[in-house]
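Engineer: First, the structure itself, so that you have it in front of you.
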Amino acid sequence: MVAPNGILALIDDPTLRGDIDRVCAAVGLHAVYASEPSSRQVWAGAAAVLLDAGAAHRCAERALPRRARVVLVGHREPVAAEWEAAIAVGAQRVIALPDQDAELMAELADAGESAREDAPRGAVVAVIAGRGGGGASVFATALARTASTVTSAPGAMLIDADPWSGGIDLVLGSEGEPGLRWPDLMLQGGRLTYTALRDALPHRHGVTVLSCARTGGDIDPAPLGAVIEAGSRGGVTVVCDVPRRSTTAAETALASADLVTVVVPADVRSCAAAAAVARWVTTVNPNAGLVVRGPAPGGLRSRQVAEIVELPLLAAMRPQPSVARVLECDGLRLRRRSPLALAAGRVLAVLAEHPVREAV
């Protein structure tokens, strides 16, 4: 029996099996080996079928139904007899390993994601500061940590889209955890599986985190979009910390979001800055709202701030006690009834009231 998102591999050669296992592991999938499919249901239910020339002939003789994602795999360029086998079984691709590892990896990643198309998508939230130092990175981290505990999604993913912020791993406290950061993640866009991505990235407090390093340098929008999409398709809540700079990467994160959260302190100058940010943000994504952060030195109320900035109020937040000292020690710590946790919970509640937008 093959799981609906598993790979059916009709391969006899042990060396070729090893190559297939290596590629499957890279995309977070599992191959089930057999000499022939035990039934038509097994043949039709696998996410993809990999077979060698001998298995292709056997399957063609059984007149198994044509299906998508059938790949003939070998160790060399196919000869005429192998092309005949591929045509007979209805294979769409012929791939030689290990030379064409990347082609098989892309094929299996698409197969695994397509098999999970009916699974619920995870929500995507972009968090941006109304002014410099407005607390967006801290709130994004609080949002991811809260989402990992209070939503039905299997964890959360925190993405650092601001290469000049010093690294959001320092906010989460995951800087010592093993795993890849943006400079290590060599992607050219396309589709990824969340399972493979999760296994490659650091984790802390139930949050998978993709952080920038301390070297700066812009983030390419295509890999950023692919990572956001992988997390959402994986069913987890994706939180992006977005810079206050109109870059293609920033706009990719904003456009991908089901909700954009603008974090603004409750003072006049912050309101003025946030109003300009809000005008830019809403041209990219109109699904935006405000989190107002205390204290209010001049007595501005949260509703007044929302009126000035011209965004709906999502949450008002009291000052988080000792947050600067806590961040210096071991990353953000959240108590269940702390101001950050309560405000994050309110934003997630607003998000839960609206369906997740399907990707176009």
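Each reported figure results from applying straightforward, stated rules to the coordinates on display, with no laboratory input. Because the structure is predicted, anything quoted here is derived from the model rather than measured. Note that each Cβ is placed from the backbone with ideal geometry, even for glycine, and that neighbours are counted across all protein chains shown.
Engineer: Residue separation times 0.36 nm, minus the C-alpha to C-alpha distance between Asp21 and Arg333: what's the value? Don't skip to the answer; put the middle values down first.
Structural biologist: Details: separation 312, 0.36 × 312 = 112.32 nm, distance 3.98 nm.
Extending this stretch completely gives an extra 108.3 nm.
Engineer: Follow-up question, since we're still on this one. Say we join alpha carbon atoms closer than 10 Å with springs in a Gaussian network model of the chain; which of Asp184, Asp241, Asp160 then has the biggest fluctuation?
Structural biologist: Asp184
Engineer: List, in order, the whole-Hz ³J(HN,Hα) value for each residue of the stretch 166-177 obtained from phi through the Karplus relation with A = 6.51, B = -1.76, C = 1.60 and θ = phi - 60°; use x for Gly and Pro.
Structural biologist: After applying 6.51 cos²θ - 1.76 cosθ + 1.60, I find x, x, 6, 4, 5, 6, 6, x, 9, 4, x, 7 Hz.
Engineer: Just to be sure I follow the definition: excluding the sites themselves, where is the longest run in the chain that has none of the GluC sites (Glu not before Pro) in a DSSP loop with at most 14 other Cβ atoms within 10 Å? Could the numbers behind the result be given before it?
Structural biologist: Numbers: sites that count: Glu117, Glu310, Glu353, Glu358.
Value returned for the longest uninterrupted segment is 118-309.
Engineer: Taking the Cβ of Leu210 as the centre, find all other residues whose Cβ is under 11 Å away and add up their charges (Lys, Arg: +1; Asp, Glu: -1).
Structural biologist: Neighbourhood net charge equals -2.
Engineer: Test of understanding: in a Gaussian network model of the chain with alpha carbons linked when under 10 Å, which of Ser148, Ser302, Ser322 would top the mean-square fluctuation ranking?
Structural biologist: Answer for the Gaussian network model of the chain: Ser322.
Engineer: Provide the per-residue ³J(HN,Hα) series for the stretch 140-150, in order, calculated from phi with Karplus coefficients 6.51, -1.76, 1.60 and θ = phi - 60°, each as a whole number of Hz, with x at glycine and proline positions.
Structural biologist: The phi angles translate into 4, 5, 4, 5, 5, 5, 5, 4, 6, 10, 10 Hz.
Engineer: Additional query: For the stretch 124-352, what does the alpha-carbon gyration tensor say about shape, rounded, prolate or oblate, given a ≥ b ≥ c as the root eigenvalues, a/c under 1.5 as rounded, and a/b over b/c as prolate? All intermediate terms of the calculation are to be shown ahead of the outcome.
Structural biologist: Working: a/c = 1.63, a/b = 1.37, b/c = 1.18.
Judged from the Cα gyration tensor, the stretch 124-352 comes out prolate (a/c at least 1.5, a/b above b/c).
Engineer: Amide H neighbours of Arg121 under 5 Å, at least 5 residues apart or on other chains, H built in the peptide plane: list them.
Structural biologist: none
Engineer: With a cap of 16 neighbouring Cβ atoms within 10 Å, and only residues DSSP puts in a loop, list the trypsin sites (Lys or Arg not before Pro) found in the stretch 27-67. Before the final figure, lay out the partial values.
Structural biologist: Numbers: sites: Arg40, Arg58, Arg62, Arg66, Arg67; in loops: Arg62, Arg66, Arg67.
Filter output for the stretch 27-67: Arg62, Arg66, Arg67.
Engineer: Further question on the same structure: Given R₀ = 22 Å, FRET efficiency for Thr248-Trp164 by Cβ-Cβ distance, to 0.05? Numbers along the way, then the final one.
Structural biologist: Details: r = 15 Å, r/R0 = 0.70.
Calculated value: 0.90.
Engineer: Within the stretch 206-313, report the trypsin sites (Lys or Arg not before Pro) that DSSP leaves as loop and that have at most 15 other Cβ atoms within 10 Å. Present the calculation step by step, with values, prior to reporting the outcome.
Structural biologist: Details: sites: Arg214, Arg233, Arg244, Arg245, Arg269, Arg279, Arg293, Arg301, Arg303; in loops: Arg214, Arg244, Arg245, Arg301.
Those satisfying the criteria are Arg214, Arg245, Arg301.
Engineer: Here's a follow-up. For Thr149 and Glu36, what does the FRET efficiency come to when R0 = 51 Å and r is the distance between their Cβ atoms, rounded to the nearest 0.05? Could you put the intermediate results ahead of the total?
Structural biologist: On the way: r = 46 Å, r/R0 = 0.91.
Working from the Cβ atoms, E equals 0.65.
Engineer: A further question on this structure: For the stretch 124-352, what does the relative contact order come out to in percent, with C-alpha contacts under 8 Å and a separation of six or more?
Structural biologist: Values: 471 pairs, mean separation 61.5, N = 229.
This gives 27 percent for the stretch 124-352.
Engineer: Out of all DSSP beta bridges with both ends in the stretch 124-352, state the antiparallel percent to the nearest 5.
Structural biologist: Working: 2 of 31 bridges.
Here the antiparallel bridges make up roughly 5 percent for the stretch 124-352.
Engineer: In addition: Angle between the Cα long axis of helix 14-26 and the longest principal axis of the chain, 0 to 90 degrees, nearest 10?
Structural biologist: Computed tilt is about 20 degrees.
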